[in-house]
Structure formats: structure tokens, C-alpha cells
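The values are calculated or read from the model by the stated rules, or taken from the named source; none is laboratory data. No experiment lies behind these values; they were computed from the predicted model shown. Cβ coordinates were reconstructed from backbone atoms using ideal geometry, including for glycine residues, and neighbour counts include every protein chain displayed. Surface accessibility is based on the protein's heavy atoms, side chains included, excluding ligands, DNA and RNA. Shrake-Rupley method; radii C 1.70, N 1.55, O 1.52, S 1.80 Å.
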Amino acid sequence: MRKAKHSNPHTLEIRLKPAQMRVFACTKRFRVLVAGRRFGKTYLALVELLRAASDRDRLVWYVAPSYKQGKRIAWNRLKRLTKPYWAAKPSETDLSIALSWGSVIALRGTDQYDSLRGDGLDFVVLDEYASMHPACWTEVLRPALSDRSGGALFIGTPQGFNHFYERYDRAQTEPDWAGFQFTTEEGGNVSTEELASAARELDERCYRQEFQASFEHLRQGRVYYAFERSGNVLDCRYQPGAPLIWSVDFNVNPMCSIVAQRVDDTVYVLDELVLPDSNTPAACEAFLDRTKPIWEAGPVTLQVYGDATGESRSSASSRTDWKIIRDFFNAKKTAFQASIRVDASNPPVKDRINCVNARLCNSVRQRRLFIDTRCKQLIRDLEQVSWKTDANGNPLIELDKSDPMRTHTSDALGYYIAHAFPMRPSVGYRPGILPL
Ligand SMILES: Nc1ncnc2c1ncn2[C@@H]1O[C@H](COP(=O)(O)OP(=O)(O)OP(=O)(O)O)[C@@H](O)[C@H]1O
Ligand SMILES: [Mg+2]
């Protein structure tokens, strides 16, 4: 397809993949595309925007769950795509691009969707619709399309049976609507080897959701659904030669941490420290005491992980906590050669939990995370931590913290696992090809 109707010496050739083309060629006013990660959803969204803006005096929007997210995933790509047609330099404050024939493409976020009222739109793409508040469509975007009979394209990867599922389901039967569902593989941007590697990294349900675009009951009930006592609990002995791992959650009561080791790709949790009404210096002393039989035999390589920003406290106090830990181990060099491995921020809770579930049991049923029988609180967490629900009993993407004993040991474990085995965000990017 050629990029725009208006001739320009800088015109680029854009080739949609066959699956993208099926959506692009559909003439229904409202379309819903359910597709796996790295299918090419955002790429298609940007090409759709340019087509919708290719007539005179059009106003079209790219809408993301938040302004910040939209800017990160689409703004530079949108500028690259439209550059030959700019009327002026794009506005970096309004995230809008005026084209030489009077049309405007703007980028918006639904984090404050009330502020989006007031414009009449010709076309809107809702990218990552599963993560948006459903009211942004019914209350703001749908009415904005009315006076110009504008169209809409909903795009996303499933997130359980939420409003995105409802929208897709209804699109199958309602006139004016069309629904499409494609796996990542059908998108043609990710190699078979990469997909096989993702299957090993993710647990089964997560893989089906993220790469096969399947609607799954992901968040109902137990958070760590991949955990099984019979499969993940073992006698885990200290293995000399492998570094010791200490991962800390800075909750005050109880203050929780786990002691582990990694051998190749497998993690063994040897012990847990659950200290009522405690603080970081006391936790360091308790760790020293508990690991005495190990370091008495000679200095041990230690890696320390944990809560980067102090989710349960202010980030200032978490910075102090990290300083206490650093100073403590600097003064204990005869026992430990310690390195502190903490990022500037924590990954999203959902990603952290996906990483733990993937280690507990991946989609090819390999278990690469084992817990010693003495870790009573951690085992309870893995069996009992559940998602919080709203007043109607629908699960939210938030952990249920109503029991003060729950979540802290599994959080401590998750900080380490997500740092050491992160979810790979950018499968499918092929260097050398202009990424839109
Ligand atoms: N038709 C195409 N031709 C060439 N490259 C493409 C095409 N479609 C997508 N790509 C490339 O494939 C990669 C993934 O595309 P894109 O970011 O659009 O996928 P996505 O489905 O939005 O991914 P995510 O699930 O991470 O949001 C990008 O590098 C993009 O440039
Ligand atoms: Mg995308």
C-alpha cells in the first residue's frame, strides 16, 4: 500500500502482512482486533491513522491507556511515518501532528479521559484497549465520533474476560462491527525459534494469552496458580560454589526476606526470614545469624535483591534501607563478597507474578523454582495469595493484602525472580528494518 493519497517525493512503501491486511481491508465502521504480543498491532494502528487522515481536514486520534505509555510506544514511530507530510513541526506538548492538507493526527491517553471531551473525531484507534477504562469509549470517544460518523479500531492482547472480551464478542454479531483474532505467529513478525523460547519462559496460561491471543481466566482466584506442593517443594541444601541470594521486602511487620541459590536456570529457596515488627538493621543481623554455618567455612559470594522503591513505604526510606544494607555488608567483608542488585524501579506487579509463575511451571511443564519445606510462610503465600476483587466480585490487578501475613515473602521472592529472569519485552524487533 502507498502511504497517502497525496504525492510526495519522500513517499515510503509500507507493506502490511497478510493478517494485518485483512483488518485493514475490512470496511466495517467499527473493528476489533485481538492479537498476540508483537503481532504488529501498533504498526497497523499507525498505518490506519495515516489512511484515515489522508483526506482533507480530518481529525484522528491514537489513544493509549495513558498519555505516557502512548508517547513511549507510538509518538516517535508516528513522527517517522508522517514526516514527509508535516505542515509544521509536530507539537511536543500536545502530541499532535498537522499534515500539509489540513488534517491532524493526535496522540491521547485515557488516564484522564474526561479531559478528552469536546472534539469531533473522524477516526480513533484504541491501542491496548484491554488496559483502558471501558467508560472512555462509552462516555467520551463514541459520542465524539457521532457528528462526523467516524470509525474506530480497538486493538489489544487479551487480559482475561474483561471489557475487551465483551467488545470482541459483541463485534461478532452486531451490524457495523467486525472482530478479528490472530496469534503472534500469524502476524509474521516473530520467528518460530523466538516463539519456542517464549514458550519456555512463560507459564502455559500466560503463553496462551500473550502469544496465542486467547482469553484466559488469568486473574481469578490464586495468584501463583503454577505452584504445586508436590512439584515445587523439596529439601533444598546449600550448594557450595553457587552464589547466595538474599531478596528483601521492606514491609515493617513482618519484615520478610528469602535466602536462595541459582544453579543454571533453576532457583532453590533455602530459607525465609519473617521478623515481626522489625527493621532493616535487624533483618541484616538475622540474615548473618541464619547463614553463619555457610560463611563460617569461608567468605561467600552474595547477591542482594529486593524492593527498589519501597512499595510499602516511602521511597526515601527505601533509599535509606538500601544504604543500611550496603554499609552492613561493607563492614562484613570477611563473611561476604556482596553485590547489591537493585533497579531504579520495580516491574509492574503483573509482570513480576508472571515471572514467578513461569519459573514455578512453564508452558512445557518444566519446574525451575524449588522451595525448601522449612519456608512455611512462603509456601502459604504461594498457595493462598489471591487477587483483590471489586464490589461485584470481579478480580482487579491488585493483590489482596487483607491478611497482614500474606504477600511479603512471595513479594521478596518475586523481586529477585523478575530481576534475574525478566519477561522479554521486545521479541520480534528485526534490526535493519525501519520500525514503525
Ligand atoms: N508490516 C510490517 N512490516 C515490517 N515490520 C513490521 C510490520 N508489522 C510490524 N512490524 C515490526 O514488528 C515489530 C512488532 O510490531 P508492533 O510493535 O506493531 O507489534 P505490537 O503487536 O504492537 O507489539 P506489542 O504487543 O509489544 O504492543 C516491530 O518491530 C514492527 O516494526
Ligand atoms: Mg503495540
Discussion item. When the residues of the stretch 27-43 are narrowed to those that are buried (at least 24 other Cβ atoms within 10 Å of the Cβ) and in a strand (DSSP E or B), which ends up nearest to ligand 2 (Cβ to nearest atom)?
Written reply: ALA35
Worksheet, complete the sentence: Residue set ALA260, ALA282; condition over 31 Å from the mean Cα position of the chain (by Cα) and not in a loop (DSSP other than H, G, I, E, B); output residue ALA282
Practice prompt. Pick out, from the stretch 328-426, the helices (runs of 4 or more DSSP H) lying fully within it that include 3 or more residues that are open to solvent by 50 Å² or more (accessible area, probe 1.4 Å), within 29 Å of ARG208 (Cβ to Cβ) and in contact (Cβ under 8 Å) with a residue 12 or more places away in the chain.
Written response: 376-384
Discussion item. Given the condition in contact (Cβ under 8 Å) with a residue 24 or more places away in the chain and assigned to a strand (DSSP E or B), answer yes or no: does some residue in the stretch 91-100 qualify?
Written reply: yes
Response to the item:
The condition from (1) polar (S, T, N, Q); (2) more than 25 Å from HIS133 (Cβ to Cβ); (3) more than 15 Å from ligand 1 (Cβ to nearest atom); (4) surrounded by fewer than 20 Cβ atoms within 10 Å (Cβ to Cβ) that ASN76 misses is numbered (3)
Discussion item. For the stretch 224-245, check the following and say yes or no: at least one residue is open to solvent by less than 50 Å² (accessible area, probe 1.4 Å), under 18 Å from the mean Cα position of the chain (by Cα), closer than 30 Å to THR280 by Cα and at pLDDT 90 or above.
Written reply: yes
Worksheet item: Applying the selection to the stretch 68-105, what residues are of a type in the set (A, V, I, L, M) and within 15 Å of ligand 2 (Cβ to nearest atom)?
Response: ILE73, ALA74, LEU78, LEU81
Fill in: Contacts under 8 angstrom Cβ, first residue in the stretch 143-165 being closer than 30 Å to THR183 by Cα and outside the structural domain of LEU121 (by TED's automatic domain parsing), partner open to solvent by 60 Å² or more (accessible area, probe 1.4 Å) and modelled with pLDDT of 95 or more, 6 or more apart
none
Practice prompt. May I ask you to verify whether GLU166 is farther than 30 Å from ASP265 by Cα and within 26 Å of the chain's Cα centre (by Cα)?
Written response: yes
Discussion item. I'd like to know if the stretch 107-116 contains one or more residues that are within 21 Å of ILE14 (Cα to Cα), open to solvent by less than 60 Å² (accessible area, probe 1.4 Å) and away from ligand 2 (no atom under 16 Å from the Cβ).
Written reply: no
Worksheet item: What single numbered condition from (1) modelled with pLDDT of 95 or more; (2) open to solvent by 10 Å² or more (accessible area, probe 1.4 Å); (3) within 26 Å of the chain's Cα centre (by Cα) fails to hold for GLY102?
Response: (3)
Discussion item. Residue under question is PHE154, and the condition is that it be within 21 Å of GLU48 (Cα to Cα) and either of a type in the set (Val, Ile, Thr) or under 28 Å from the mean Cα position of the chain (by Cα) (or both); does it hold?
Written reply: yes
Fill in: Every residue from the stretch 125-152 that is within 16 Å of ligand 1 (Cβ to nearest atom) and buried (at least 20 other Cβ atoms within 10 Å of the Cβ)
VAL125, LEU126, ASP127, GLU128, TYR129, ALA130, MET132
Worksheet, complete the sentence: Restricted to the stretch 11-25 and to residues being surrounded by 15 or more Cβ atoms within 10 Å (Cβ to Cβ) and closer than 23 Å to LEU121 by Cα, the residue nearest to ligand 1 (Cβ to nearest atom) is PHE24
Worksheet item: If ALA199 passes every condition in (1) part of a helix (DSSP H, G or I); (2) closer than 16 Å to PRO158 by Cα; (3) of a type in the set (A, V, I, L, M, F, W, C) but one, which one does it miss?
Response: (2)
Discussion item. Out of everything in the stretch 44-58 that is outside any helix (DSSP H, G or I) and open to solvent by less than 30 Å² (accessible area, probe 1.4 Å), what residue ends up being nearest to ligand 2 (Cβ to nearest atom)?
Written reply: ALA53
Item to complete: List every residue pair whose Cβ atoms sit under 9 Å apart, with the two residues 6 or more apart in sequence or on different chains, where the first one lies in the stretch 18-40 and is over 23 Å from GLN159 (Cβ atoms) and of a type in the set (S, T, N, Q) and the second, anywhere, is away from ligand 1 (no atom under 14 Å from the Cβ) and outside any loop (DSSP other than H, G, I, E, B).
Response: THR27/ALA178
Discussion item. Can you pull out every residue in the stretch 42-66 that is farther than 17 Å from VAL23 by Cβ and aromatic (Phe, Trp, Tyr)?
Written reply: TRP61
Response to the item:
In the set VAL304, VAL259, VAL248, VAL233, the lone residue that is touching a residue at least 60 places away in the same chain (Cβ under 8 Å) and within 14 Å of ALA412 (Cβ to Cβ) is VAL248
